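I have placed the structure first, in the form of structure tokens, so that the comments after it can refer back to it.
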Amino acid sequence: MTSMERRVKLKTLNIHITCKICRGYLVDATTVTECLHTFCKSCLVKHLEENNTCPTCTIVIHQSHPLQYISFDRTMQDIVYKLVPGFQENEIKREKEFYRLRDLPYPKDIPALGSEAETERPSANGVAECDFHRMDEQVNIGLECAVSNLKSLKRRFVRVSSHATITHLKKFIAKKVLDGMEKYRDIDILCNDELLGKDHTLKFVYVTRWRFRDPPLRLQYRPRIDI
């Protein structure tokens with residue numbers, strides 16, 4: 001070890017990579033866009049079901065839709081996985097056990113939907129591509145129009161990476177039914193009649209909204225309703 005190098009103990013970094021709600025290492029690290037405080041996604045979403053303020057600084061995130069002002073922090077999550085030995089592998093094991101105990105199919109093992117499956121996937125910029133990102137965990141989705149005055153998709157089933165977000169789906173749907181992905185903000189997406197936040201990943205939606213039901217994950221879309 002050179003004079004310019006020194007070892008840093010993990011415990012000195014824990015304050016930066018742990019959730020202030022559960023006190024554990026960050027899982028699906030999610031940041032409040034208003035104040036940049038980061039928590040486990042499940043912890044933060046549970047908190048925001050009954051509150052509209054940040055758990056750390058109590059700033060009001062949004063009066064009526066705080067879930068739309070949180071964002072998955074992939075960089076932070078990668079840092080946690082790299083700093084904590086074996087943490088990512090243990091989380092994968094726990095995830096598989098979660099599905100096994102509930103007799104649910106593990107999403108990575110769910111087969112394609114056959115001839116009904118949409119061969120396109122929404123990319124990060126909203127342009128449909130013929131790449132399933134097969135190395136990612138996959139989620140099968142059925143998309144249904146919730147109103148009669150909006151065009152329905154010609155093919156209602158898609159298979160996409162579990163890391164795709166609701167915003168990706170909004171852009172995909174806007175391109176198909178509103179003739180322009182730039183109109184994605186005019187679309188709301190719901191699951192079980194509940195409005196979904198723009199930064200929710202499909203994996204998170206599946207686990208928290210669909211865990212006791214058979215695939216595919218059923219989502220509805222409609223013109224945005226401002227409250």
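Every number here is computed from the coordinates shown, using simple stated rules; none is lab data. Predicted, not measured: the structure shown is a model, and the values here were computed from it. In this analysis, Cβ positions are derived from the backbone assuming ideal geometry, glycine residues included, and neighbour counts consider all displayed protein chains.
3J(HN,Hα) couplings calculated from phi for the range 6-12 with the Karplus curve 6.51 cos²θ - 1.76 cosθ + 1.60 (θ = phi - 60°) are, in sequence order, 8, 7, 10, 6, 4, 5, 6 Hz; Gly and Pro show x. Remark: the range 89-105, residue by residue, has Karplus-estimated 3J(HN,Hα) of 4, 5, 5, 5, 5, 5, 5, 4, 5, 4, 5, 5, 5, 9, 6, 10, x Hz, where x stands for each Gly or Pro and the curve is 6.51 cos²θ - 1.76 cosθ + 1.60 at θ = phi - 60°. Pairs with C-alpha atoms separated by more than 31 Å, drawn from the list LYS96/LYS151; LYS9/LYS198; LYS93/LYS183; LYS9/LYS203; LYS96/LYS170, are LYS96/LYS151; LYS9/LYS198; LYS93/LYS183; LYS9/LYS203. Here the 3J(HN,Hα) profile of the range 216-223, calculated from phi with Karplus coefficients 6.51, -1.76 and 1.60 at θ = phi - 60°, is x, 5, 9, 10, 10, 10, 7, x Hz, Gly and Pro shown as x. Taken along the Cα-to-beta-carbon direction at a fixed 7 Å, the label points for TYR106 and ILE225 span 3.9 nm.
For the range 1-112, the relative contact order comes to 21 percent (Cα pairs under 8 Å, sequence separation of at least 6).
Report note on the peptides 19-28, 97-106, 50-59: ranked by the mean count of other C-beta atoms within 10 Å, highest first, their order is 19-28, 50-59, 97-106. At R0 = 25 Å, how high is the FRET efficiency between ILE59 and CYS22 if r is their beta carbon distance? Nearest 0.05 is fine. Efficiency for this residue pair is about 0.75. Projected label points at LYS46 and GLU97, each 7 Å from Cα along the beta carbon direction, are separated by 1.7 nanometres. Taking amide H as placed 1.01 Å from N in the peptide plane, the amide H of HIS37 sits under 5 Å from that of VAL32, each at least 5 places away or on another chain.
Placing a pseudo-label 7 Å from each Cα along the Cα-to-Cβ vector at ASP186 and THR12 gives an inter-label distance of 5.5 nm.
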